[in-house]
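Before any comments, here is the structure.
The values are calculated or read from the model by the stated rules, or taken from the named source; none is laboratory data. Worth saying up front: this structure is predicted, and the values here are computed from it rather than measured. Every residue, glycine as well, gets a Cβ built from its backbone with ideal geometry; the counts of neighbours run over all protein chains shown.
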Amino acid sequence: MMIFRLFLLAILFMANNVNATGSFVGKVSYIADGDTLWVQPGGGGLARKLRIHGIDAPEICQMGGEASRAVLAQRALHRRVEVMVRGHDVYGRGLARIRLDGNDLGAQMVRAGQAWSHRWRRNPGPYAAEEALARKSRRGLFAVGQPELPRDFRKRHGTCHAVRR
């Protein structure tokens, strides 16, 4: 009986996530931080919370966090974007490649020095060249000193929600 219940739960979960991956066009309706935004699908339905795949922007309460959000808002808020959802993160956000006017929004954010190329173990991430250029040009986060990676910030301070308490 327990296996049957788990099977039913799995079917319900999959039915609710039929549109969980794939491509769509929509309008950016909200910017949470430098790598998280909501996109309202052009075909209707609820706005989808998305994380830009391949980048890691500073936490909103971290130095540079507000500036990163402002740059993303200036570039994308209320603009039409093309979205390709590739999966989901541990927070339930869709991990998406996002194109704005035909250009990769993640690459733009890293090139502007507003985010890091998302590293995984020894892999420098998909935007390593853009990050190297931003560092060399001392743009955004890299203008002064050595900025703290968001994952290191979270290890030391927890999430911004925890910091605000």
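Answer with yes or no whether Val90 is farther than 13 Å from Ile52 by Cα and part of a helix (DSSP H, G or I). Show your work before the answer.
Details: farther than 13 Å from Ile52 by Cα: yes; part of a helix (DSSP H, G or I): no.
It is false that Val90 is farther than 13 Å from Ile52 by Cα and part of a helix (DSSP H, G or I).
Taking the residues in region 135-165 that are small (Gly, Ala, Ser) and loosely packed, with under 12 Cβ neighbours inside 10 Å as candidates, determine which candidate is modelled with the lowest pLDDT.
Of everything passing the filter in region 135-165, Ala162 is modelled with the lowest pLDDT.
Can you find even one residue in region 37-60 that is of a type in the set (Asp, Glu) and at positive phi?
Looking through region 37-60, none of the residues is of a type in the set (Asp, Glu) and at positive phi.
Let's see how each residue does on (1) charged (D, E, K, R); (2) touching a Gly at 6+ places or on another chain (Cβ under 6 Å):
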position: Gly54; (1), (2): no, yes
position: Ser68; (1), (2): no, yes
position: Arg79; (1), (2): yes, no
position: Gly87; (1), (2): no, no
position: Gly92; (1), (2): no, no
position: Arg99; (1), (2): yes, no
position: Asp104; (1), (2): yes, no
position: Met109; (1), (2): no, no
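Looking at Arg75, is it buried (at least 17 other Cβ atoms within 10 Å of the Cβ), of a type in the set (Lys, Arg), modelled with pLDDT of 95 or more and under 24 Å from Phe24 (Cβ atoms)?
Against the criterion (buried (at least 17 other Cβ atoms within 10 Å of the Cβ), of a type in the set (Lys, Arg), modelled with pLDDT of 95 or more and under 24 Å from Phe24 (Cβ atoms)), Arg75 qualifies.
Please enumerate the residues belonging to region 120-152 that are in contact (Cβ under 8 Å) with a residue 40 or more places away in the chain and either touching a helix residue (DSSP H, G or I) at 6+ places or on another chain (Cβ under 9 Å) or of a type in the set (Ser, Thr, Tyr) (or both). I'd like the intermediate steps shown before the answer.
Step one: of region 120-152, the residues in contact (Cβ under 8 Å) with a residue 40 or more places away in the chain are 125-127, 140-141, 147-151.
Once the filter is applied, which keeps residues that are in contact (Cβ under 8 Å) with a residue 40 or more places away in the chain and either touching a helix residue (DSSP H, G or I) at 6+ places or on another chain (Cβ under 9 Å) or of a type in the set (Ser, Thr, Tyr) (or both), region 120-152 yields Gly125, Pro126, Tyr127, Gly140, Leu141, Pro147, Glu148, Pro150.
Only one of these is under 13 Å from the mean Cα position of the chain (by Cα) and within 20 Å of Pro150 (Cα to Cα): Ala70, Ala128, Ala115, Ala134. Name it. Give the derivation first.
Working: Ala70 fails: under 13 Å from the mean Cα position of the chain (by Cα); Ala128 fails: under 13 Å from the mean Cα position of the chain (by Cα); Ala134 fails: under 13 Å from the mean Cα position of the chain (by Cα).
After applying the criteria, what remains is Ala115.
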